Amino acid sequence: MDLSIVSIKNNLRNDIKNHEYKTKIINRVKELGLHDIKYKLDSEFLSLICNLIEYLVSSKDKLNKKELLMLIYQELFGLTEEEQNIINKNVEFLHSNKQIKKLSYYKLFKTGILEWIKRKFL
């Protein structure tokens with residue numbers, strides 16, 4: 001029997017998407033070797049995670065991006081209440097200074113090609 005016939009909607013769909021995106025981003029961070037505790041409050045690392053979320057999550061997903069960010073940070077580093085407040089303030093700063101933005105398709109294509117070449121030939 002094929003159980004995929006039964007559709008998943010609303011909160012369940014959002015939870016599945018949240019988990020899927022969280023897993024993709026955490027895998028990418030681990031692939032790059034950036035899951036070190038020294039990046040816990042690093043603004044450059046925060047910017048990277050925010051931009052990855054911005055790239056993955058579309059407006060039709062109807063997901064809370066800040067909540068997703070906190071889930072990722074919680075799984076990677078385990079945050080205290082104070083650290084969560086610091087990250088929230090830093091996200092607001094990045095957002096107000098327009099440092100969180102979607103990447104152009106050209107840049108994504110170029111980066112993908114470079115990564116493929118490095119894996120294939122180096």
Exercise for review: Check every DSSP H run in the chain and write down those whose alpha carbon atoms cover 15 angstrom or more along the long axis and whose mean Kyte-Doolittle hydropathy is -0.5 or greater.
Suggested key: 43-56, 65-77, 105-121
Practice item. Determine the alpha carbon to alpha carbon distance for each of K30/K110; K30/K65; K24/K62; K30/K60; K66/K120; K24/K107 and list only those over 24 Å. Key: K30/K60; K66/K120
Check your understanding: Tell me, what is the FRET efficiency for F109 and I26 to the nearest 0.05, using R0 = 25 angstrom and their Cβ-Cβ distance as r?
Key -> 0.55
Check your understanding: Near F77, within a Cβ-to-Cβ distance under 14 Å, what is the net charge of the other residues, with Lys and Arg +1 and Asp and Glu -1?
Key -> -2
Review point. Can you pull the Rg over Rh of the chain, Cα-only, Kirkwood?
Key: 1.01
Study note, to complete from the structure: Per the rule of 0.36 nm per residue minus the C-alpha distance, extending W116 to E92 adds in nm 5.2 nm
Check your understanding: Where in the range 3-40 does the label zone of Y55 land, with the point 7 angstrom along Cα→C-beta and an amide N cut-off under 11 Å?
Key -> 25, 28-29
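Every read-out reported here was derived from the displayed coordinates using simple, explicitly stated rules and does not represent laboratory data. Everything numeric here is computed off the predicted structure, so don't read it as measured data. Neighbour counts run over all protein chains shown; Cβ positions are idealised from the backbone, glycine included.
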